[in-house]
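J.: Please find one structure pasted underneath; my questions will follow.
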Amino acid sequence: METLMIADDEKSIRDGLKCILDWEALGFTLCGEAANGEEALSGILKNNPSLVLLDIRMPRLSGIDIIRIAREQGYSGRFIILSGYSDFSYAQAAIRYGVEYYLTKPIDEEELLDAIHTIRETIEQEHRRSDNIALYREKAKDVILHELITGAWKKDGITSLSSADFQGMDLVSDIYQIVIYEHFGTLQGQTYPQPHTCKSCDFAGLLNITNSENRSFEHIETDNRDVILLKGSFALRRFEEFLDRCEKTNDQAGSPMDSLFLAYGHPVEALDEICLSYKEADTLIRRRFFCAQGQHTLGYEDLPTVTSHDRPISDGKLHEYCGALTNYLQANNRKQIAATLFSLEQYLNCTDSSIESVRLFLTDLFLQLKENISRLYASSRISFPSNSAIIDHIDSCHYLYEIILYISEQVKSIMDISDSASRDSILDDILYYIDNNYQNNIKLETIAPLFGYNSAYLGKLFTKAIGENFNSYVDHRRIEHSKRLLAQRSMKVYEVSEQVGYKNVDYFHKKFKKYVGISPAEYRKQLKLDE
């Protein structure tokens, strides 16, 4: 419904204009009336009516002055001038301010009705045109976002857009970051039951921001996935805080993250670099199969190195790992079996083969291991699942850690027949393993299955026996070794960071300062002064 205002110094005329036509049927509702020029101007600027019926001669402020000031203040609605004078100079002045109708009193009903019909049709056309323009801009922005994210904008050389165009679409910012999110219960096109399922992600709610007019982030869909383009330092800081909260909260049950999986790329500073952040996030989201138990996020710091994906899995590696596991089983060497399974998981993490190929590799390995053990212990009561049960179980696993855990449990059951390790010997084995592998990306969730334990239980056991939690112990070992490397001065700080297991040098700085109290560079400088 459009709005109408009537301004005339005579009340009888105002009342007559309200009754002369069925305004509601014409699509108008009265939003105000005025008896003098000042009231008229104030009502126009306050209510922004679609149409004003305005007497040309008004007390305090003339109709022409009202129109002029209203236009100067940005009012763009319609005027119909009402006058008892057929004065060309008045009409001429009104035309200069976009007034299309100048009607003389007494008002002819048909003439007024024709004017109203024409004005109403013009307003509707403008609304349609405005809606179409808004829709076009939204579609254009959506296309541009797709092209910026996928790299097509840079690749196709579409450079006709100016910085003002991007500014108008609210795409200009000092920093950007891509986040891809999926439902946690969907992997490789398959869906499986989860205790909590979220059909839509209120990303603004997760970050505790309003995202008014998409100022903090843009949301689009590409490749049947939800993609978030974070814009600005504020949004990126809130996302980092959100990730910190997720890291500190081990139990995600019932929270929004219980049903979401996020992958994010590096922050970038230019529009044409957004595609690089997306490429990293895309690579990571495709690597969900390799996540640790309970892991809901993968970030650019988890990207494999450039040289890691340089070869497919091979039959030679299959026989190597199967032979090692067979030998360690015969020697009842739990420590080496755990190390071998961890090495196997790391090897498969760094292959460029498909996930299906990884499944087949592990299926063949376990079937071969079963055959070896069955032959070596033919007289014992070792019970293996049937080949079909093994194949079905591995095929039903959605993550690599599930398959490794399954193999670990089967191996543990074999070893338990002849021997059972004490609590102390298991902890000794784990400490030995940490001290020799801290430079790798080791986590309690990864270590526990290799030793045949639940990660939560092993974590409590570890903390009680050692006096600090698993992650803290690993960090201490890494920092102590980094101090020795820094003292040698043969390596740069970022090289030391990589050598002790921190791929992200900023994270290394943070951890070093936490445990030592000063930065790595300051520590090295202090050593030099002490000499």
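The values are calculated or read from the model by the stated rules, or taken from the named source; none is laboratory data. Not measured: the values here are computed from a predicted model. All Cβ positions, glycine included, derive from the backbone under ideal geometry; neighbour counts span all protein chains shown. Side chains are part of the model used for accessible areas, which takes the heavy atoms of the whole protein and leaves out ligands, DNA and RNA. Shrake-Rupley method; radii C 1.70, N 1.55, O 1.52, S 1.80 Å.
J.: Taking Cys31 and the conditions (1) under 22 Å from Tyr102 (Cβ atoms); (2) touching a Pro at 6+ places or on another chain (Cβ under 7 Å), which numbered condition does it fall short on, given that it satisfies the others?
T.: So the condition that Cys31 fails would be (1).
J.: Continuing with this model, one more query. Collect the residues in the stretch 466-480 that are open to solvent by 40 Å² or more (accessible area, probe 1.4 Å) and closer than 17 Å to Leu527 by Cβ, keeping them in residue-number order.
T.: Glu480
For every residue, the table says whether it meets (1) modelled with pLDDT of 80 or more; (2) over 22 Å from Ile403 (Cα atoms); (3) crowded, with 19+ Cβ neighbours inside 10 Å.
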residue: Asp419; (1), (2), (3): no, yes, no
residue: Ser422; (1), (2), (3): no, yes, no
residue: Ser425; (1), (2), (3): no, yes, no
residue: Leu431; (1), (2), (3): yes, yes, no
residue: Asp435; (1), (2), (3): yes, yes, no
residue: Gln439; (1), (2), (3): yes, yes, no
residue: Glu445; (1), (2), (3): yes, no, yes
residue: Gly452; (1), (2), (3): no, no, yes
residue: Leu458; (1), (2), (3): yes, no, yes
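J.: Moving on. How about the stretch 318-358: which of its residues are outside any helix (DSSP H, G or I), polar (S, T, N, Q) and in contact (Cβ under 8 Å) with a residue 12 or more places away in the chain?
T.: Within the stretch 318-358, Asn332, Thr351, Ser353 meet the criteria.
J.: Where the second residue is open to solvent by 70 Å² or more (accessible area, probe 1.4 Å) and the first is closer than 16 Å to Glu2 by Cβ and lies in the stretch 19-45, which pairs have Cβ atoms under 6 Å and are six or more apart or on separate chains?
T.: Between residues of the stretch 19-45 that are closer than 16 Å to Glu2 by Cβ and residues that are open to solvent by 70 Å² or more (accessible area, probe 1.4 Å), the close pairs are Thr29/Met1.
J.: For Lys503, which of the numbered conditions (1) in contact (Cβ under 8 Å) with a residue 60 or more places away in the chain; (2) out of contact with any helix residue (DSSP H, G or I) (no Cβ under 7 Å at 6 or more places or on another chain); (3) part of a loop (DSSP other than H, G, I, E, B) fails to hold?
T.: For Lys503, the exception is condition (2).
J.: Taking the stretch 22-43, which residues are hydrophobic (A, V, I, L, M, F, W, C) and farther than 16 Å from Ile119 by Cβ? Break it down into steps so the answer makes sense when it comes.
T.: The initial filter retains those residues of the stretch 22-43 that are hydrophobic (A, V, I, L, M, F, W, C), namely 23, 25-26, 28, 30-31, 34-35, 40-41.
Ala34, Ala35, Ala40, Leu41, listed by residue number.
J.: Quick one: in the stretch 237-266, of everything that is open to solvent by less than 50 Å² (accessible area, probe 1.4 Å) and assigned to a loop (DSSP other than H, G, I, E, B), which residue is modelled with the highest pLDDT?
T.: Gly265
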